[in-house]
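See below for the structure under consideration.
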Amino acid sequence: MTKLIFEKSIKGMNGITLTDEELNTDFLPQEFLRKESPELPEVSELEAMRHFKELSDKNFCVESGFYPLGSCTMKYNPKVNEYLASLEGFTSLHPLQNDEDAQGALELMYKLQEALKKVTGMDAITLQGSAGAHGELCGMMIVKHYFKVNNQPQRTKVIIPDSAHGTNPASAGMCGFDIVKVDSNKKGQVDVDHLKKLYEEHKDEIAAIMMTNPNTLGLFEENISEISKIAHANGSLLYYDGANFNAIMGITTPKQMGFDIVHLNLHKTFSTPHGGGGPGSGPVGVVESLKEFLPVPVIDFDGEKYIRKYNLKNTIGKIKEFQGNFGVLVKAYAYILMKGDKLKQASQDAVLNANYLKEKLKEYYELPYDYTCMHEFVLSGDKQKANGVHTLEIAKRLMDYKFHPPTVYFPLIVSEAMMIEPTETENKARLDEFIDVMKNIAEEVKNTPQNVLSAPHCTPVKRVDETNAARHLDLRYKKDSM
Ligand SMILES: *Cc1c(COP(=O)(O)O)cnc(C)c1O
């Protein structure tokens, strides 16, 4: 059991040496000085260092093990990208510097925009969004403004599939749209008949349909061309949630599928470690007819130099200070340059890895949508539930085997869901190890369910009271309550 640093405290122990001069507080007004010394832990420098090393060793990350968290693309992000993003020319540049003095940074952003145009097929890109959800909000603001400018303010509804990521309805809702849910069919794809009905019912009140393709079940929407025709015939727009672009980059584009607006998560597909709350980046791409609606400034090239362009006729304004999370843009650009024409290979490997796992694991766990998948797939723990063991417990048991659990209980349309995304950066040996562990757990569920029900056994904290922790979070250390 890890001790708190206060519990490692030994009275009189000291890790620092301050001179009398450094300890001198005469220059501070008396009323601001403490009357009593603060209660700080008393440890030596070495013990303090050991303490924090011990804590850091408890972190789980892609660098320490397999992290198949579906819909999150926890791939390995090359460390050289961190080095490049930390180059002084990038980190010391002030965002208010004149265009003339920031040509390198502007060139990088312009070229990244060009690369993202190519990979999405879109005609213009903004790099301002600071996360996927922020990109969605930006996209929805464009939709709203587009219909305002085009005198169709009655378009107040956005259609979203029942398998969608929760941020989709949240972003559309935050933008003031009403959400209309379209069902999935037996194949886990948008039910086109239901969609047609919704379009008949709501007609010119529909502003857009937001889709994810491949969808959150990891399945490619086969009817995307038909869906695009239905949406456009009605006069509505087609929005693409490209947070997980790992399956299609270099293979096809949202433009080819008929989409008008796209957001990408640079921190998933294009290399930035994520999960700790940022920083991220959610660029938004649009087709020609929506170009003038992008937030300003957009980065442009006037034939001689790179510039920040502010005069867009119908701009939605600004959605983020300066140019977005610049460091993430540097990493994404470095990643794209490094991959070159091998971006396609990365997609192919991601899809191959997911299908390999899916085929091996469906022997032990239910696979409710048994089709060729893209970068991820979703298992159901229903078979194990029949033995009294829930997906949550399987997830906890995986931690004992030093594997990060998959995404669980999402998408909502699969009961006891386990959403698995291996990514392209894992090799076959590691995937085989994961298959063995999942097989072991399935056997434990049958033979020694208690082992799984009481998991995790090997983590510093066992089962936390998640509801209580979420509702009454208390991280204060109370000296005498220990
Ligand atoms: C991760 C994700 C998002 C949200 O991205 P954030 O950067 O977390 O805001 C949206 N849609 C899908 C499908 C995602 O996987």
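Rule-based calculations on the coordinates, nothing more; no lab input. Please read all numbers here as calculations on a predicted model, not as lab measurements. Positions of Cβ are generated from backbone atoms using ideal geometry, with glycine treated the same way; all protein chains shown enter the neighbour counts.
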Segment 1-101: radius of gyration and largest Cα-Cα distance (Dmax), Å: 22.4, 59
Once phi is turned into ³J(HN,Hα) by the Karplus curve 6.51 cos²θ - 1.76 cosθ + 1.60 with θ = phi - 60°, what whole-Hz value does each residue of segment 125-134 show in order, with x for glycine and proline? 9, 10, 9, 6, x, 9, 6, x, 4, 5
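Could you list the square roots of 5 times each eigenvalue of the Cα gyration tensor of segment 209-278, that is, the equivalent ellipsoid semi-axes, sorted largest first and rounded to whole Å?
24, 12, 10
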So for R0 = 41 Å, FRET eff. of ASN150-ALA386 from the Cβ-Cβ r, to 0.05, ends up at 0.15
Take the Cα of LEU33, step 7 Å along the line toward its Cβ, and report every residue of segment 8-25 whose backbone nitrogen sits under 15 Å from that point. 20-25
Under the 0.36 nm per residue contour assumption, what length would be gained going from the current alpha-carbon distance of GLU82 and GLN103 to full extension? 5.4 nm
Hey, can you grab everything whose amide H is under 5 Å from the amide H of LEU237? Only 5+ residues off in sequence or another chain; H modelled, so Pro and N-termini drop out. ALA208, ILE209
Return, ordered by residue number, the residues of segment 74-113 whose backbone nitrogen is under 14 Å from a label point located 7 Å along Cα→Cβ of ARG308. 93-107, 109-110
With the cut-off at 1.5 for a/c, could you classify segment 223-326 from its C-alpha gyration tensor as rounded, prolate or oblate? oblate
Classify segment 122-229 as rounded, prolate or oblate from the Cα gyration tensor: take a ≥ b ≥ c as the square roots of its eigenvalues, call it rounded if a/c is under 1.5, otherwise prolate when a/b beats b/c and oblate if not. oblate
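Before rounding to the nearest 500, sum -39500 (n - 2.57) across all DSSP H runs of length at least 4 in the chain and divide by the residue total; then give [θ] at 222 nm in deg cm²/dmol.
Mean residue ellipticity at 222 nm (helix-derived): -11000 deg cm²/dmol.
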Could you work out Rg/(2.2 N^0.38 Å) for segment 417-482, with Rg from alpha carbons only? 1.64
If each residue of separation counts as 0.36 nm, what is the full-extension length gain between TYR477 and ASP400 once their alpha-carbon separation is subtracted? 24.9 nm
Using 0.36 nm per residue of separation minus the Cα-Cα distance, give me the extension gain between LYS117 and LYS342 in nm, one decimal. 79.3 nm
Below 12 angstrom from the Cβ of MET74, what's the summed charge of the other residues (Lys, Arg +1; Asp, Glu -1)? -3
By the gyration tensor of its Cα atoms, with a ≥ b ≥ c the square roots of the eigenvalues, what is the shape of the chain: rounded for a/c under 1.5, prolate for a/b over b/c, or oblate? oblate
At most 10 other Cβ atoms within 10 Å and a DSSP loop assignment: could you name the chymotrypsin sites (Phe, Trp or Tyr not before Pro) in segment 291-396 that fit? TYR310
For segment 73-131, take N as its residue count and report Rg(C-alpha) divided by 2.2 N^0.38 Å. 1.32
